[in-house]
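A.B. asks: Sharing a structure below in structure tokens format, with a few things to ask.
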Amino acid sequence: MTRVVLVGPPGAGKGTQATALSREFGVPHISTGDLFRAHIANNTELGQDVKRYLDSGQLVPDEVTNEMVRERLDEPDARGGFLLDGFPRNVGQAEVLGKILGDAGTSVDAVVEFKIDEDVVVERLLARGRDDDNEEVIRRRQQIYRSETEPLLDYYGTAVITVDAVGDVDEITQRVLSALRDRT
Ligand code: AMP
């Protein structure tokens, strides 16, 4: 279970869990949001191209995102496994991920869904205070999650493991680990 995709609404705690799980499994935590933010911070050409999408809470176009992920997954540390956080975010991206992995003779082992009420995540995000955490942008990101990202759960079908994402950070990590263990 080393090729794992984390799915959940913005604010569900995927990033925090991915950090803990990455330590546990010894595979890299790959967050497309973090990769984009690093490009923006370093003022790269890609960063300049994608900034407006992040600022407004819209998805970065698939061609840009997929290419960035393809390159990241090709790096040596990701060959043996990874925790993908924030990718795929729609079915088109999931198909591309399937192709990238298929070409390498592998596939997604599990998809962990972080289940949490929208009101709870909106509260959390307002408290977090990142640049794209104002109420209007938060609401847009939640809508996009529902319309674009949630269909992934049907797409991945029985590979999906749903975990209650309300509670203590450590408690949730344990829930994910035991759910993954039960699956193998
Ligand atoms: P996150 O850190 O996952 O909340 O992502 C922050 C922002 O980065 C999102 O609101 C999007 O603008 C962009 N982003 C991150 N991952 C993706 C993706 N897989 N596809 C398109 N845009 C993305």
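All of the numbers you see were taken from the coordinates with simple rules; none came from a lab. Predicted model only: the values in this text are computed from it and were never measured. Don't worry about glycine lacking a Cβ; one is built from the backbone with ideal geometry, like all the others, and counts go over all protein chains shown.
A.B. asks: Which residue, of VAL108, VAL112, VAL96, is surrounded by 12 or more Cβ atoms within 10 Å (Cβ to Cβ), aliphatic (A, V, I, L, M) and assigned to a helix (DSSP H, G or I)? Steps first, answer last, please.
C.D. replies: Details: VAL108 fails: assigned to a helix (DSSP H, G or I); VAL112 fails: assigned to a helix (DSSP H, G or I).
Sole residue among the options that is surrounded by 12 or more Cβ atoms within 10 Å (Cβ to Cβ), aliphatic (A, V, I, L, M) and assigned to a helix (DSSP H, G or I): VAL96.
A.B. asks: Tell me, which residue of the range 1-51 that is among the hydroxyl-bearing types (Ser, Thr, Tyr) and in contact (Cβ under 8 Å) with a residue 40 or more places away in the chain is farthest from GLU67 (Cα to Cα)?
C.D. replies: So the first thing to find is which residues in the range 1-51 are among the hydroxyl-bearing types (Ser, Thr, Tyr), and the list is 2, 16, 19, 22, 31-32, 44.
Restricting the remaining residues to those that are in contact (Cβ under 8 Å) with a residue 40 or more places away in the chain gives 2, 16, 22, 31-32.
Working: THR2: 22, THR16: 25, SER22: 23, SER31: 14, THR32: 11 Å.
This residue is THR16.
A.B. asks: Something else: How many residues does the range 13-59 contain that are within 10 Å of the ligand (Cβ to nearest atom) and either more than 27 Å from SER147 (Cβ to Cβ) or among the small types (Gly, Ala, Ser) (or both)? Step through it out loud before you land on a result.
C.D. replies: To start, the set of residues in the range 13-59 that are within 10 Å of the ligand (Cβ to nearest atom) comprises 14-15, 31-37, 40, 50-59.
Those still in the list that are either more than 27 Å from SER147 (Cβ to Cβ) or among the small types (Gly, Ala, Ser) (or both) too: 15, 31, 33, 56-57.
Summing the residues that are within 10 Å of the ligand (Cβ to nearest atom) and either more than 27 Å from SER147 (Cβ to Cβ) or among the small types (Gly, Ala, Ser) (or both) in the range 13-59 gives 5.
A.B. asks: If I filter the range 117-124 for residues that are more than 11 Å from the ligand (Cβ to nearest atom), in contact with a helix residue (DSSP H, G or I) (Cβ under 8 Å, 6 or more places away or on another chain) and assigned to a strand (DSSP E or B), do I get at least one hit?
C.D. replies: Among the residues of the range 117-124, not one is more than 11 Å from the ligand (Cβ to nearest atom), in contact with a helix residue (DSSP H, G or I) (Cβ under 8 Å, 6 or more places away or on another chain) and assigned to a strand (DSSP E or B), which makes the answer no.
A.B. asks: Checking ASP62 against (1) in contact with a Gly (Cβ under 6 Å, 6 or more places away or on another chain); (2) within 8 Å of the ligand (Cβ to nearest atom); (3) closer than 19 Å to ARG3 by Cα, only one condition comes out false. Which one?
C.D. replies: Evaluating ASP62 over (1) in contact with a Gly (Cβ under 6 Å, 6 or more places away or on another chain); (2) within 8 Å of the ligand (Cβ to nearest atom); (3) closer than 19 Å to ARG3 by Cα leaves (3) as the failure.
A.B. asks: From the residues in the range 140-169 that are surrounded by 14 or more Cβ atoms within 10 Å (Cβ to Cβ) and within 13 Å of the ligand (Cβ to nearest atom), which one is farthest from ARG183 (Cα to Cα)?
C.D. replies: By that ranking, first place goes to ARG140.
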